[in-house]
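> Could you have a look at this structure, given as structure tokens, before my questions?
Nothing in this text is a laboratory measurement; each read-out follows from the coordinates by a stated rule. Bear in mind that the values here come from a model prediction, so they are computed numbers and not experimental data. No Cβ is skipped: glycine too gets one built from the backbone with ideal geometry, and neighbour counts run over all protein chains shown.
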Amino acid sequence: MAEKWNIQLMNKQLLIIFVRNPELGKVKTRLAKTVGNEVALAIYFQLLEKTKEATKDLDLDKVVYYSDEIDPNGIWDSTTYYKALQHGNDLGSKMKNAFKRAFQEGYKEVCLIGSDCLDITPETIQEAFIALKDKRAVIGAAEDGGYYLIGMDEYRPELFDNKAWSTDEVFISTLEDFERLDLSYHELPVLKDVDTEKDLKSWAATFKTNYLAD
């Protein structure tokens with residue numbers, strides 16, 4: 001059994017945040033194909049900041065799961081966020097293990113987000129946890145066919161099996177799982193993930209120009 005997390009159980013609610021260690025050539029690789037590795041990394045830093053701003057004041061426990069190694073410093077304040085390391089062979093197994101750990105720690109309502117959604121807000125995350133008071137699961141679809149948030153009131157590993165990750169089938173396949181498992185669920189507003197240059201808004205085009213000019 002892993003060492004118990006040294007964080008306070010507030011309302012039995014936990015937000016899991018999946019991030020990649022921000023390293024050149026290892027983040028936003030599809031975006032980097034058109035804007036270059038340096039610009040892709042700089043944009044990913046902006047997405048991390050956006051995610052932090054959307055989550056830092058939420059009145060619930062929060063844990064940041066790093067892809068490669070835990071950063072004791074960085075933007076994630078250790079007094080606000082607990083830090084952990086992703087474990088698994090693919091995205092599904094990594095999310096499955098994170099949820100399993102959360103429920104083992106005693107949490108009753110758990111949601112997971114990534115760090116790619118430009119439009120994520122505190123209100124959207126709060127809506128997800130409110131939904132779990134009456135529903136068994138919650139999900140927020142991304143425009144590309146994946147999802148930017150998934151949450152549940154009980155550990156259900158089946159939701160992460162047999163998925164074609166990073167394809168437009170993931171959201172629909174997960175809804176089918178909800179139906180098959182007879183789970184009541186709530187759908188959040190559809191938001192945009194930033195994976196390619198096409199996904200970027202006007203702020204990113206301006207940022208790219210300024211960055212390349214330096």
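> Over the chain, consider all pairs of different Cα atoms and compute the Kirkwood hydrodynamic radius from their mean reciprocal separation; express it in Å, one decimal.
17.7
> To test your reading of the geometry: what angle, between 0 and 90 degrees and rounded to tens, separates the Cα axis of helix 202-213 from the longest principal axis of the chain?
Approximately 50 degrees, to the nearest 10.
> Measure nothing but the geometry: give the 0 to 90° angle between the long axis through the Cα atoms of 122-131 and the longest principal axis through the Cα atoms of the chain, rounded to 10°.
20
> Among Ala40, Leu118, Thr79, which residue has its Cα furthest toward the positive end of the charge dipole of the chain, with +1 on Lys/Arg Cβ and -1 on Asp/Glu Cβ?
Positive-most Cα among the choices belongs to Thr79.
> What is the distance in Å between the Cα centres of the range 38-84 and the range 160-175?
Going from one Cα centre to the other spans 25 Å.
> Could you tell me what % of all Cα pairs in the range 8-132 have separations over 26 Å?
Percent of Cα pairs beyond 26 Å in the range 8-132: 19.
> Still on this structure, I have one more. Among Ile17, Ile130, Ile43, whose mean-square fluctuation peaks in a Gaussian network model of the chain (Cα, cutoff 10 Å)?
Ile130
> Compute the long axis of helix 91-104 from its Cα atoms, compare it with the longest principal axis of the Cα atoms of the chain, and write down the angle in degrees, 0 to 90, nearest 10.
Once rounded, the angle reads 40 degrees.
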